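Remarks on the structure that follows.
Bear in mind these aren't lab numbers, they're just calculated from the coordinates by the rules spelled out. This one's a predicted model, so the numbers in the text were calculated from it and none came from an experiment. Virtual Cβ from ideal backbone geometry, glycine too; neighbours counted across all protein chains shown.
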Amino acid sequence: MASLLEIVTIPRSSVTSVSPIVSRLSTHRNSIKLPEFKGLNIQPFGYSGSVSLRSKLNRCGSRIACQAQEAVQVLPVTDATWQSLVLESDIPVLVEFWAPWCGPCRMIHPVIDDLAKEYSGKLTCYKVNTDESPSIASQYGIRSIPTVIIFKGGEKKDAIIGAVPRSTLSTSIDKFM
C-alpha cells in the first residue's frame, strides 16, 4: 500500500547544497533508495524522464514529497522451509527453480519479480537455487532451468520450462486463481 513520506529537507539555494544528499542516495531509474528505508521503493512525485536526481532535488525547493511502496520480494526456499512455505500455503504458490550460473534464469528474474508484485496477496512467489537444494529439484524432476512450477493446495498444478514471456506465465497463473 502506498503512503506519502517526507524524505529530506533541502534549501532551494544551489546545487552544492544538495550534494551531501545526492551522495547518500542510490538511484535506479527514477527511484530513490535510502538505506534507512530498507524494503521501500521511493518514487518522486511529478518528475519523469531523464531529469537528473540533482536537478529534481533543486527544483523541489525545501521538501521532497515521495510515494513509498512496499517492495515485494521473491524469497528463497530451502529444504527446511519447503513444507511450510510451499506445500502448506493457503494460496497458490509460484516457485522458480534457478541457479546463479544460468543466463536464462537471470533473464526471467525481473518477470517473476513483476508477477510477485502484480499478484501480491493472491499468489506467493519463491525461488529455489538448485545448487543449494538439489533434493527439491530432483523430487520434482527438474532437469532444465529455469523451470517455474505452480502449486495449489500443496499439489503441483503446472510447470513452465525455460525463459518464457510474461504473458505465458500470467496465463498459467490465471488458470489457478
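Okay, here's what the table says:
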quantity	calculated
5 angstrom amide H check on K127, placed H, neighbours 5+ away	L75, V77, E96
Where a label projected 7 Å from the Cα of S135 along Cα→Cβ would reach, residues of region 141-169 with amide N under 20 Å	141-143, 154-156
Whole-Å semi-axes of region 75-174's equivalent ellipsoid (Cα gyration tensor)	18, 17, 12
Which of L87, L94, L123 has the fewest Cβ neighbours within 10 Å, and the rest in rising order	L87, L123, L94
Amide H partners (placed H, <5 Å) of D158, local residues excluded	I150
Vicinal HN-Hα couplings computed from phi for region 96-104 (Karplus, 6.51 cos²θ - 1.76 cosθ + 1.60; Hz; Gly/Pro x)	9, 8, 8, 8, x, 7, 8, x, x
D (Stokes-Einstein, µm²/s), Kirkwood Cα radius, region 78-131, 1.567 mPa s at 4 °C	109 µm²/s
Computed over region 138-177, the ratio Rg/Rh where both radii use C-alpha atoms and Rh is Kirkwood	0.97
